Amino acid sequence: MHTASRIINCGGDGAGASLECFRALCCKGPPPPRPEYDVVCIGLTGAGKTSLLSRLCNEGSDGIVPTTGFSIKAVPFPNAILNVKELGGKEHKHM
């Protein structure tokens, strides 16, 4: 397989030539934006919602406490970002 290569001549005179050479070697422009998706994470108390999100975010699993109310985390992936809204579980108390 042949890959195309680019030859850049950086032997020009003056600051303008040096700046142009620097841009050609280093500047590729901003990366394209990644799409973002909103996800709602619901489940029973103790099901592991918070533990799953901690693992996806490469956070430690030590000291995880049950979520009260809700939690929002952005989970980055190479091709997209998931904005996860986790709703805390709630135990039913029968009277």
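Read the figures in this text as sums done on the coordinates, not as results from a lab. Being a predicted model, the structure only gives us computed values, none of them experimental. All Cβ positions, glycine included, derive from the backbone under ideal geometry; neighbour counts span all protein chains shown.
Per residue, the convex hull spanned by the Cα atoms of the range 36-87 amounts to 68 cubic angstrom. Per residue, the average separation of C-alpha pairs within less than 8 Å and at least 6 apart gives the range 36-87 a relative contact order of 49 percent. Between the amide H of residue 83 and those of 37, 38, 39, 75, distances stay under 5 Å, these residues lying 5 or more places away or on another chain, with hydrogens modeled in the peptide plane. Taking amide H positions as modeled 1.01 Å from N, with prolines and chain starts lacking one, the residues under 5 Å from residue 88 and 5 or more places away or on another chain are 69, 70, 71. Taking the DSSP beta bridges with both ends in the range 36-87, the antiparallel portion is around 55 percent. Relative to the current alpha-carbon distance between residue 59 and residue 72, full extension at 0.36 nm per residue lengthens the span by 3.2 nm. Give the calculated FRET efficiency between residue 20 and residue 81 to the nearest 0.05, with a Förster radius of 35 Å applied to their Cβ-Cβ distance. Efficiency, from the Cβ-Cβ distance: 0.50. The local environment of residue 75, defined by Cβ-Cβ distances under 14 Å, has a net charge of +1 under the rule Lys, Arg +1 and Asp, Glu -1.
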